[in-house]
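Participant: A single structure is presented below for examination.
Read-outs throughout are calculated quantities, based only on the coordinates presented, and are distinct from any laboratory measurement. Predicted, not measured: the structure shown is a model, and the values here were computed from it. Positions of Cβ are generated from backbone atoms using ideal geometry, with glycine treated the same way; all protein chains shown enter the neighbour counts.
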Amino acid sequence: MFKKMLVFILIVTLIFIISGCKSEDERAKKITSEIPSEGLYVRCIELEEKIPYNVIDDVEFPYFDENTLFENSNLIFKGTVINEVEIGIEEYIDGKLERTYYEDVSTFEIEKIYYSEDLSLEIGDVVKVGNTSCSYWWVEGTLKMEKDKEYIVLVKKKSDTSNVEFTEYYDYFVENYWVPIIRVENGNYFVDEMLTSLISGAKEEVIREDGDFKTTVYVKGEEFENELENLITEIKNGD
């Protein structure tokens, strides 16, 4: 009797495994069948966080000093992240995958606007901010904009390419992976050393490390927002 029960359990288990494999195969075939064999095709897929992160070595950074970051910014705001997701934007040509653009997309609810070239934006509006450094393509030093946390961010309006409509997936992006992202926590503002006009009078200095990356972060108090607004006026108006 016991042997019969074992055989029965094994048969049922095999049926479930085979059914599961068939279901996975069917899903894969369905996804593949969506890709046309001719012409351009672009799709966006949501990704699970890659553990461990895929760290990219020998990244060449374009030069961004403080003035460049502020001058290039189309929007400077304070907000809380209400959603954060990693996506892969796949570009196919004639049925073959040409490239995948990995992005970390943080959805913010705006709490304060310091500068905006879009005059229609208001407090309470929602904007999506992309960062090309994510777990699938991680640059050491990146500040991940996490859900339920508050930041001040300097961002640039995203534009499309001839093949990919990036603006379908997010509105703005950060040009540098950590400098334009200012964490706000318990009335403190954590400012990277590259924002040289905003680090004087700090309450504390903290060394932030990520692998081989190291930078100094200056902890500022309530005076920071006034200093930020003054600097924006000075740079944007050329005072």
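Participant: In whole Hz, with x marking every Gly and Pro, tabulate ³J(HN,Hα) for the stretch 112-123 from phi via Karplus 6.51 cos²θ - 1.76 cosθ + 1.60, θ = phi - 60°.
Facilitator: 7, 10, 8, 7, 8, 8, 9, 6, 7, 5, 9, 4
Participant: Assuming R0 = 35 Å, what is the FRET efficiency of Glu71 and Asp212, from their Cβ-Cβ distance, to the nearest 0.05? Please list the in-between numbers first.
Facilitator: On the way: r = 30 Å, r/R0 = 0.85.
Computed FRET efficiency for Glu71 and Asp212 comes out at 0.75.
Participant: In the structure shown, do any of Lys158/Lys236; Lys112/Lys214; Lys214/Lys236; Lys112/Lys144 have a Cα-Cα gap over 23 Å, and if so which?
Facilitator: Those over the limit are Lys112/Lys214; Lys214/Lys236.
Participant: What does the charge count around Thr80 come to, taking other residues whose C-beta lies under 12 Å from its C-beta (Lys +1, Arg +1, Asp -1, Glu -1)? Don't skip to the end; give the middle numbers.
Facilitator: Values: positive: Lys78, Lys112, Lys147, Lys149, Arg183; negative: Glu84, Glu109, Glu111, Glu146, Asp148, Glu150, Glu185.
Surrounding charge for Thr80 is -2.
Participant: When the label point is put 7 Å from the Cα of Ser162 along its Cα-to-beta-carbon vector, which residues of the stretch 83-106 have a backbone N closer than 17 Å?
Facilitator: 91-94, 98-99
Participant: Now a separate question. With +1 on the Cβ of every Lys and Arg and -1 on the Cβ of every Asp and Glu, and nothing else charged, how large is the dipole of the chain about its Cα centre, in debye rounded to the nearest 20? Intermediate values should be presented prior to the final figure.
Facilitator: Numbers: 25 positive and 52 negative charges, 317 e Å.
Approximately 1520 debye in magnitude.
Participant: Separation between the Glu229 and Glu122 pseudo-spin-labels, each 7 Å from Cα along Cα→Cβ, expressed in nm?
Facilitator: 2.0
Participant: While we're looking at this one, here's another question. Per DSSP helix of 4 or more residues, -39500 (n - 2.57); summed, then divided by the residues of the chain. What does that give at 222 nm, rounded to the nearest 500?
Facilitator: Mean residue ellipticity at 222 nm (helix-derived): -7500 deg cm²/dmol.
Participant: Among Gly130, Val55, Tyr114, which residue has its Cα furthest toward the positive end of the charge dipole of the chain, with +1 on Lys/Arg Cβ and -1 on Asp/Glu Cβ?
Facilitator: Among Gly130, Val55, Tyr114, the one farthest towards the positive end of the dipole of the chain is Val55.
Participant: Calculate the translational D of the chain in whole µm² s⁻¹ from Stokes-Einstein, where the hydrodynamic radius comes from the Kirkwood formula applied to all Cα pairs, the temperature is 25 °C and the viscosity 0.890 mPa s. Could you put the intermediate results ahead of the total?
Facilitator: On the way: Rh = 20.7 Å.
Roughly 118 µm²/s, to the nearest whole number.
Participant: According to a simple spin-label model (label point 7 Å from Cα along Cα-to-Cβ), what is the distance in nm between Lys147 and Glu204?
Facilitator: Simple spin-label model gives 2.8 nm for this pair.
Participant: In nm, to one decimal, how far is the Lys236 label point from the Lys50 one, both placed 7 Å along Cα→Cβ?
Facilitator: 3.6
Participant: Give, in nm to one decimal, the length gained when the segment between Ile93 and Glu222 is fully stretched (0.36 nm per residue of separation minus the Cα-Cα distance).
Facilitator: Details: separation 129, 0.36 × 129 = 46.44 nm, distance 5.21 nm.
This chain segment gains 41.2 nm when fully extended.
Participant: Another question about this same structure. With just the Cα atoms defining each centre, how far is the stretch 181-239 from the stretch 37-68? Give it in Å.
Facilitator: What the calculation gives is 26 Å, centre to centre.
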